[in-house]
Amino acid sequence: MYRVWNFVTNYSLLLVAGAVIALVWANLDPRGYHAVVEYPLWFNDHVGVTMERWLRALGEDAEAFGHAETARVLTFHYLVNDVLMAFFFSVAAKEVWEAVILERGSLRGRRAATPLCATAGGMIGPAAVFLGLAAVLGSDTFDAVANGWAIPTATDIAFSYLVGRVVFGAGHPAVRFLLLLAIADDAAGLVILAVFYPTGALAPGWLLVSLGAALAVYALANWLPRHLDRADPMRPRATWVRQHLGVWPYALAGALSWYGFAQSGLHPALGLLPIVPTLPHADRAFGIFAEAEQYLTDLLNHAQHLLKHPVEVILFFFGLLNAGVELSAVSAPTALVLAGLLLGKPVGILLFGYVGARVLRLGLPPGMRMADLAVVGCVAAIGFTVSLFIAAVAFEPGAVQDASKMGALLSFAAAGIAVVAGRLAGVRRRPR
């Protein structure tokens, strides 16, 4: 049973299950589905969507909930997307942080140069295709969908990794290349969310709360014990902090940081990012899906181990509350998102990867061909999780958002395309 659960959680099949349930539910009973999505958990003046937006989203069904006049409503959707998804993004940020900060991190040095070039193409290509085709469809369409340009730039790490192993085999260097690209893509996606998709009027002064929480927990729970132990190899103070306090100081700092983000206008799902670098970390990392990761006992990896299964459950609810789109929603934004992912992503990765590997002479990993890079581009076109998330924040609830979400869901077609492309490119699977 443990192996089955481990497989399900490793490959985010709970997310798929939630998305499938949502699709069926929204098409059988759309009114009931949206009533659950926007169900009010707490009327208050501090946390949640604005009362005006909640009334607009729920419509006449809002009258069924007697409530006092408040400024905000903590809905089921807000709890998952804006609060709990912060843990998902913190896990992604942990991988990015280790890849950048560690001496032998995967995003440092010459070996990361070509994947980073390919990542740039995998961001620019989809955005260019999305906006270019939208412009061809006319100014009305362009104005309606332009804010969704970032939706097709995302790459779903878990599903692309799974498909990559199917196409290339676990031992193929293209799988490692794909993981580097996906991690770098996640890093760029976090920046895009922070810069281009604020949730309200910006109040940057509130970010001082996040910065202060991060600096305080780093100084008191990380630096200070190590500083006091600098002459004692037994490290008694650092050990006491680890054994008796564990992750709790960082959890408290994370709550303060999240609130600072929520009040600043930046998306609160990014609220834990300033706290991730403050946790003590190991001197090396084996990679997000490496079995050896479970044997690292530093506090940063320990926190990730604690979050692994809860995050997968969170992803189930994320799929349930975000993928409920009626099939009739398919329209121009659906085609634009799909074109960005299925056309712009592979072409961008191949073109920029070629420039990095051949023009700039950065090279490809030994055993990897340019044809393999083209197939990697097809695999990376699976947007799904982050594409769904960006669609939810790029547009107000309605036809354009639903159509864009449908494009993110249909990006699973990239898996079949990648398998076919692998056959045509003569990819030779390499077992571990």
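The values are calculated or read from the model by the stated rules, or taken from the named source; none is laboratory data. In this text, all values refer to a predicted model and were calculated from it rather than measured experimentally. Note that each Cβ is placed from the backbone with ideal geometry, even for glycine, and that neighbours are counted across all protein chains shown.
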Please find, within the stretch 358-398, the residue that is nearest to R165 (Cα to Cα) out of those that are free of Cβ contacts under 8 Å to residues at least 12 places away in the same chain and not charged (D, E, K, R). V359
Considering (1) in contact (Cβ under 8 Å) with a residue 60 or more places away in the chain; (2) surrounded by 17 or more Cβ atoms within 10 Å (Cβ to Cβ); (3) of a type outside the set (F, W, Y), say which one E38 fails and leave the rest. (1)
Only one of (1) more than 17 Å from V400 (Cβ to Cβ); (2) of a type in the set (G, A, S); (3) modelled with pLDDT under 95 is not met by G344, so which one is it? (3)
Could you give me the residue pairs with C-beta distances under 7 Å whose first residue belongs to the stretch 320-347 and is farther than 11 Å from S411 by Cβ, whose second residue is assigned to a loop (DSSP other than H, G, I, E, B) wherever it lies, and which are 6+ apart or on separate chains? A332/L137; P346/A381
Any residue at all in the stretch 212-226 that is modelled with pLDDT of 95 or more, closer than 16 Å to L273 by Cβ, surrounded by 18 or more Cβ atoms within 10 Å (Cβ to Cβ) and under 24 Å from the mean Cα position of the chain (by Cα)? yes
Write out, first by first residue and then by second, each pair whose Cβ atoms fall under 6 Å of each other, whose residues are 6+ apart or on separate chains, and whose first residue, in the stretch 122-142, is in contact (Cβ under 8 Å) with a residue 24 or more places away in the chain while the second is surrounded by 15 or more Cβ atoms within 10 Å (Cβ to Cβ) and among the β-branched types (V, I, T). G122/I349; M123/T153; G125/V347; P126/T153; A127/T153; A134/T141; A134/V145
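Search the stretch 141-159 for residues being over 18 Å from V100 (Cα atoms) and within 11 Å of the chain's Cα centre (by Cα), and hand back the single one that is surrounded by the most Cβ atoms within 10 Å (Cβ to Cβ). Break it down into steps so the answer makes sense when it comes.
Keep residues of the stretch 141-159 that are over 18 Å from V100 (Cα atoms), which gives 141-156, 158-159.
Adding the requirement that they be within 11 Å of the chain's Cα centre (by Cα) leaves 154-156, 158.
Numbers: A154: 33, T155: 35, D156: 27, A158: 21.
By that ranking, first place goes to T155.
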When the residues of the stretch 57-76 are narrowed to those that are within 18 Å of N322 (Cβ to Cβ) and not in a strand (DSSP E or B), which ends up modelled with the highest pLDDT? F76
Would you list the helices (runs of 4 or more DSSP H) that sit entirely within the stretch 1-54 and hold 1 or more residues that are out of contact with any Pro (no Cβ under 9 Å at 6 or more places or on another chain) and at pLDDT below 90? 2-10, 13-28
Of all residues in the stretch 66-100, which are in contact (Cβ under 8 Å) with a residue 40 or more places away in the chain and among the hydroxyl-bearing types (S, T, Y)? S90
List every residue pair whose Cβ atoms sit under 6 Å apart, with the two residues 6 or more apart in sequence or on different chains, where the first one lies in the stretch 160-181 and is under 17 Å from A99 (Cα atoms) and without any contact (Cβ under 8 Å) to a residue 40 or more places away in the chain and the second, anywhere, is among the aromatic types (F, W, Y) and crowded, with 24+ Cβ neighbours inside 10 Å. V175/F168
Pairs only if they're at least six apart or on different chains, beta carbon under 6 angstrom, first in the stretch 414-432 and touching a residue at least 40 places away in the same chain (Cβ under 8 Å), second not hydrophobic (A, V, I, L, M, F, W, C); list them, first residue then second. R429/G169; R430/G169; R430/G171; R430/H172; P431/G169; P431/G171; R432/G171
Requiring at least 3 residues that are hydrophobic (A, V, I, L, M, F, W, C) and in contact with a Lys or Arg (Cβ under 6 Å, 6 or more places away or on another chain), the helices (runs of 4 or more DSSP H) wholly within the stretch 184-278 are none
